[in-house]
Amino acid sequence: MRPLRNLARSRLRTVLTITGITVGIWALVVFGSMANKINALIDGGTTYYSTKVVVSDASGGQLGTAPMSIGTLDAIRRLPEAAVAFAEVSGLLDPTQTTGFGVPQSYAGSDAGADQGREVFVLHAAQGRLLDATDAGADHVVLGSDLARSLKKAPGDTVTIHGVPFAVVGVLEPTLTAPDTSAQMPLAAAQRLYAADLPQVLRDRIPASQLATDIVVFPNAGVTTEALAAAIRAAVPGVTAMTGADFDRNVKSSTAIFSAIIMGVALISLIVGGLSVINTMAMSVAERTREIGIKRAIGGSRVRVVRELVAEAGLIGLIGGIAGLALGALVVFLANDAGRSNGTILFDLTPATAVTAILFATFLGMAAGVVPSIHAARLDPVAALRYE
Amino acid sequence: MTLLEGRDLRKTYRLGRRNTVDALRGVDIEIEAGEMVAIMGPSGSGKSTLMHVLGLLHAPDPKDGPAPTLRFDGRDLTRLSDRQRTALRAREMGFVFQQFNLVPTLSAAENVGLAAEYAGERHGRARAKATEALALVGLAERADHRPSELSGGEQQRVAIARALVNGPSLVLADEPTGNLDSRRSAEVLGLLRTLNREQGRTFVLVTHDPAVGGACGRIVHMRDGLVASAAERELAVA
Ligand SMILES: Nc1ncnc2c1ncn2[C@@H]1O[C@H](COP(=O)(O)OP(=O)(O)OP(=O)(O)O)[C@@H](O)[C@H]1O
Ligand SMILES: [Mg+2]
């Protein structure tokens, strides 16, 4: 390959330039994968919240798990706007884990079928089965895909949660969002786990079977989630009622800034990489002035000169892109592998991201090669031949 | 038949606002098809400049005198675009330059094949024609050598093979033997004469070497940017 041969002329320079592109693409791949993961989380959340209102205790904050009494459930069920309402209990698998990055491992309990078929964020079992009515009251659990991998458990195994042995009956398909790191169990089991961790005062006040951390409410036909949330806020004091719009407002705005920052970092490294390609190609054109003169003199058209040099610059981009993608994929793999043990899967390297990275690198190289090659094509062949 | 005809060819190099060099000051020249012509003259007399104008690498100056004309094979070349001139160079002309003739990263065969590709041949066909042209100049076994692995004379012969690969009607060579010792020079000259006689190719050679001039059918003498008449030459010698 002729462009490759030209690149091999000045190996050190070529390697340095390719390294520049590699770093930029590496950043793009790693940060892009991170943004993918975040977007998957948000999309999952958007779908999850799209058709329902999630009610929780106001003192626990938006996503907090301060306990509520199941009595609230009855108040909500009486509202004409509410079609279906049921209690959920969720908590951290490891209560000592402070909020880190990603979704913490958790357990979540609700009665199977309590949503009466209204849930649009449907889970599927990859192994074993989902929980059903027959599990009520039993210490059975279905593990999220990442959680199952980090605990190394499969259906038939036993997993101990807060000192209680649970029988694993199924493992979920990956959702790329919250359920991946959670353990689903019947409501009663979750209530017992949750009650055991409560301070004595609270435990005395609310019996375990009356505990809930949040209440999921689906609206009646013709009622928007916003209207339902407003009705709940008016009727039940001391609760927050979260809708899809609230979720988008709270979560999307903060992650949008985060995504913008990480993509900004990646773009800056690529601009630097692009400039170094321009510099390299300009030097390369200067060194090859006489050769370009020869080619023009013996009948090489300007288009050919440009094409040749742009191909060379594109090749630099392509090699840098492949190297950057390989390194990025390695980092993503190692980080996800390390994170799996504590349930923090931070990256999602999608095929689209990989292809974009390679194409972007190639086009960046080619674009950077355009200016020096047009300069080369415009040289006077005779002057170029005389160039020292 | 007249292959190439130039009239009122002028070329002024501008180095600065006041500092100009009149390299050609109104040259009239005719080259017949099948001729082998030597252009001789002192250094700086405008020989290379004339070659560049005849080879469409530089346009003659249109101003400060009668409009220049340049006709090739009956066609008027004065108004061609860069793209048209480039295509004409690729298909109808062959060039041999005094120095730095070859692309250093390409093998002899690739250098020759490049010219064939520029003339529109596909890669495989260009390669085949290159092999043929190299055989013609006696370098078949050197096809895969890079220029740095060839002697000066061999490099010059590769350049000649490249100039011939497209079967051009005109070959322009600027001091093709300038860098060679007398034996190599005689070899290259012999080759050019054979090609001229057997294939009827037209050659225009710029040279300082009286032996090369003597081998050509006609000598055009240049002096101070003009073609010198026989009488002027007598005067200059005296
Ligand atoms: N690019 C240029 N810029 C300015 N002046 C030039 C340029 N090229 C040639 N000249 C001048 O034009 C004149 C003619 O140059 P040219 O190269 O045609 O001479 P020549 O007859 O080929 O000489 P030589 O035998 O030394 O090669 C010289 O005085 C030279 O200095
Ligand atoms: Mg000269």
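Please work out which residue is nearest to the other protein chains (Cβ to nearest Cβ), limiting yourself to region A:283-300 and to residues that are small (Gly, Ala, Ser) and touching a residue at least 60 places away in the same chain (Cβ under 8 Å). Talk me through it step by step, then tell me what you get.
Going through region A:283-300, the residues small (Gly, Ala, Ser) turn out to be A:284, A:286, A:293, A:297, A:299-300.
Okay, now just the ones that are also touching a residue at least 60 places away in the same chain (Cβ under 8 Å), so A:284, A:293, A:297.
Working: A:Ser284: 12, A:Gly293: 8, A:Ala297: 6 Å.
Among them, the one singled out is A:Ala297.
Can you name every residue in region B:45-93 that is at the interface with another protein chain (Cβ under 10 Å from one of its Cβ atoms), away from ligand 2 (no atom under 16 Å from the Cβ) and free of Cβ contacts under 8 Å to residues at least 40 places away in the same chain?
Passing the criteria: B:Leu56, B:Asp82, B:Arg83, B:Arg85, B:Thr86, B:Ala87, B:Leu88, B:Arg89.
Condition first: more than 24 Å from A:Ala195 (Cα to Cα) and buried (at least 20 other Cβ atoms within 10 Å of the Cβ). Now tell me which residues in region A:152-170 satisfy that. Before you say what the answer is, go through the steps one by one.
Let us first name the residues in region A:152-170 that are more than 24 Å from A:Ala195 (Cα to Cα), namely A:152-157, A:170.
A:Gly170, the sole residue that qualifies.
Run A:Glu312 past the list (1) within 12 Å of another protein chain (Cβ to nearest Cβ); (2) within 30 Å of B:Leu170 (Cβ to Cβ); (3) assigned to a helix (DSSP H, G or I) and report the number of the one that doesn't hold.
All conditions are met except number (2).
Quick check on region B:135-149. Is at least one of its residues within 18 Å of A:Arg296 (Cα to Cα) and among the hydroxyl-bearing types (Ser, Thr, Tyr)?
In the first step, residues of region B:135-149 are kept if they are within 18 Å of A:Arg296 (Cα to Cα); the result is none.
No, every residue in region B:135-149 fails to be within 18 Å of A:Arg296 (Cα to Cα) and among the hydroxyl-bearing types (Ser, Thr, Tyr).
Of the numbered conditions (1) assigned to a strand (DSSP E or B); (2) closer than 18 Å to B:Arg201 by Cβ; (3) within 14 Å of another protein chain (Cβ to nearest Cβ), B:Val37 satisfies every one except a single condition; which is it?
Only one criterion is unmet by B:Val37, namely (3).
Could you identify the single residue in A:Thr280, A:Thr289 that is more than 25 Å from A:Met34 (Cβ to Cβ), over 37 Å from the mean Cα position of the chain (by Cα) and among the polar types (S, T, N, Q)?
From the options A:Thr280, A:Thr289, the qualifying one is A:Thr289.
Which one of these does A:Ala338 not meet: (1) under 24 Å from A:Arg378 (Cα atoms); (2) more than 14 Å from chain B (Cβ to nearest Cβ)?
Condition not satisfied by A:Ala338: (1).
Does B:Leu192 satisfy the condition of being crowded, with 22+ Cβ neighbours inside 10 Å and more than 21 Å from B:Leu114 (Cβ to Cβ)?
Details: crowded, with 22+ Cβ neighbours inside 10 Å: yes; more than 21 Å from B:Leu114 (Cβ to Cβ): yes.
Yes, satisfied.
Do you know which residues across region B:27-43 are surrounded by fewer than 19 Cβ atoms within 10 Å (Cβ to Cβ) and more than 8 Å from ligand 1 (Cβ to nearest atom)? Spell out the reasoning first.
Pass one, region B:27-43, residues surrounded by fewer than 19 Cβ atoms within 10 Å (Cβ to Cβ): B:28, B:30, B:32-34, B:42-43.
Selection gives B:Asp28, B:Glu30, B:Glu32, B:Ala33, B:Gly34.
With within 14 Å of another protein chain (Cβ to nearest Cβ), aliphatic (A, V, I, L, M) and surrounded by fewer than 23 Cβ atoms within 10 Å (Cβ to Cβ) as the only criterion, which of A:Val303, A:Val331, A:Val272, A:Val355 stands out?
Details: A:Val331 fails: within 14 Å of another protein chain (Cβ to nearest Cβ); A:Val272 fails: within 14 Å of another protein chain (Cβ to nearest Cβ); A:Val355 fails: within 14 Å of another protein chain (Cβ to nearest Cβ).
Criteria check complete, one pass: A:Val303.
Would it be correct to say that B:Ala108 is crowded, with 23+ Cβ neighbours inside 10 Å, among the small types (Gly, Ala, Ser) and more than 16 Å from ligand 2 (Cβ to nearest atom)? Can you show your working first?
Working: crowded, with 23+ Cβ neighbours inside 10 Å: yes; among the small types (Gly, Ala, Ser): yes; more than 16 Å from ligand 2 (Cβ to nearest atom): yes.
For B:Ala108, the condition - crowded, with 23+ Cβ neighbours inside 10 Å, among the small types (Gly, Ala, Ser) and more than 16 Å from ligand 2 (Cβ to nearest atom) - is met.
Can you name the condition, by its number, that A:Asp157 falls short on among (1) within 22 Å of A:Ala138 (Cα to Cα); (2) touching a residue at least 24 places away in the same chain (Cβ under 8 Å); (3) acidic (Asp, Glu)?
Only one criterion is unmet by A:Asp157, namely (2).
Can you tell me which condition B:Arg10 does not meet? The list is (1) farther than 17 Å from B:Ser169 by Cβ; (2) free of Cβ contacts under 8 Å to residues at least 24 places away in the same chain; (3) more than 16 Å from ligand 2 (Cβ to nearest atom), and all the others hold.
Condition (2) is where B:Arg10 drops out.
Taking B:Thr49 as the residue in question, decide whether it is touching a Leu at 6+ places or on another chain (Cβ under 6 Å) and over 30 Å from B:Ala130 (Cβ atoms).
On the way: touching a Leu at 6+ places or on another chain (Cβ under 6 Å): yes; over 30 Å from B:Ala130 (Cβ atoms): yes.
Criteria met by B:Thr49.
When you go through A:Leu309, A:Leu325 one by one, which is the residue that is buried (at least 18 other Cβ atoms within 10 Å of the Cβ) and under 26 Å from the mean Cα position of the chain (by Cα)?
On the way: A:Leu309 fails: under 26 Å from the mean Cα position of the chain (by Cα).
When all the criteria are applied, what remains is A:Leu325.
May I ask you to list the residues in region B:147-183 that are surrounded by 21 or more Cβ atoms within 10 Å (Cβ to Cβ), touching a residue at least 40 places away in the same chain (Cβ under 8 Å) and part of a loop (DSSP other than H, G, I, E, B)? So that I can check it myself, show each step before the final result.
First pass over region B:147-183, keeping only residues surrounded by 21 or more Cβ atoms within 10 Å (Cβ to Cβ): B:155-166, B:168, B:170-177, B:180.
So of that shortlist, the ones also touching a residue at least 40 places away in the same chain (Cβ under 8 Å) come out as B:155-156, B:158-166, B:168, B:170-176.
Hits for region B:147-183 are B:Val165, B:Asn166, B:Pro168, B:Glu175, B:Pro176.
I need the full set of residues from region A:8-59 which are assigned to a helix (DSSP H, G or I) and charged (D, E, K, R), in order please. Before you say what the answer is, go through the steps one by one.
If we filter region A:8-59 for residues that are assigned to a helix (DSSP H, G or I), which is where we start, we get A:8-50, A:58-59.
Result: A:Arg9, A:Arg11, A:Arg13, A:Lys37, A:Asp43.
Filter region A:208-232 down to the residues that are assigned to a helix (DSSP H, G or I) and among the acidic types (Asp, Glu) and list them by number.
A:Glu226, the sole residue that qualifies.
Could you check region B:78-99 and list, in sequence order, the residues that are assigned to a loop (DSSP other than H, G, I, E, B), surrounded by fewer than 19 Cβ atoms within 10 Å (Cβ to Cβ) and of a type outside the set (S, T, N, Q)?
B:Arg79, B:Leu80
When region B:117-146 is examined, which residues are found to be surrounded by 15 or more Cβ atoms within 10 Å (Cβ to Cβ) and assigned to a loop (DSSP other than H, G, I, E, B)?
Answer for region B:117-146, where residues must be surrounded by 15 or more Cβ atoms within 10 Å (Cβ to Cβ) and assigned to a loop (DSSP other than H, G, I, E, B): B:Ala119, B:Glu121, B:Val137, B:Leu139, B:Ala143, B:His145, B:Arg146.
Could you list, in sequence order, the residues of region B:160-179 that are away from ligand 2 (no atom under 16 Å from the Cβ), farther than 22 Å from B:Arg71 by Cβ and not charged (D, E, K, R)? Explain how you work it out, then say what you get.
Step one: filter region B:160-179 for residues away from ligand 2 (no atom under 16 Å from the Cβ), giving B:160-171.
Remaining after also requiring farther than 22 Å from B:Arg71 by Cβ: B:160-162, B:164-165.
B:Ile160, B:Ala161, B:Leu164, B:Val165, listed by residue number.
Going through B:Val112, B:Val96 one at a time, which residue ends up being within 14 Å of another protein chain (Cβ to nearest Cβ), of a type outside the set (Phe, Trp, Tyr) and more than 16 Å from ligand 1 (Cβ to nearest atom)?
It is B:Val112.
Bear in mind that the values in this text are calculations on the coordinates, not laboratory data. Just so it is clear, the model here is predicted, and its values are computed rather than measured. For neighbour counting, all protein chains shown are included, and Cβ atoms are generated from backbone atoms with ideal geometry for every residue, glycine included.
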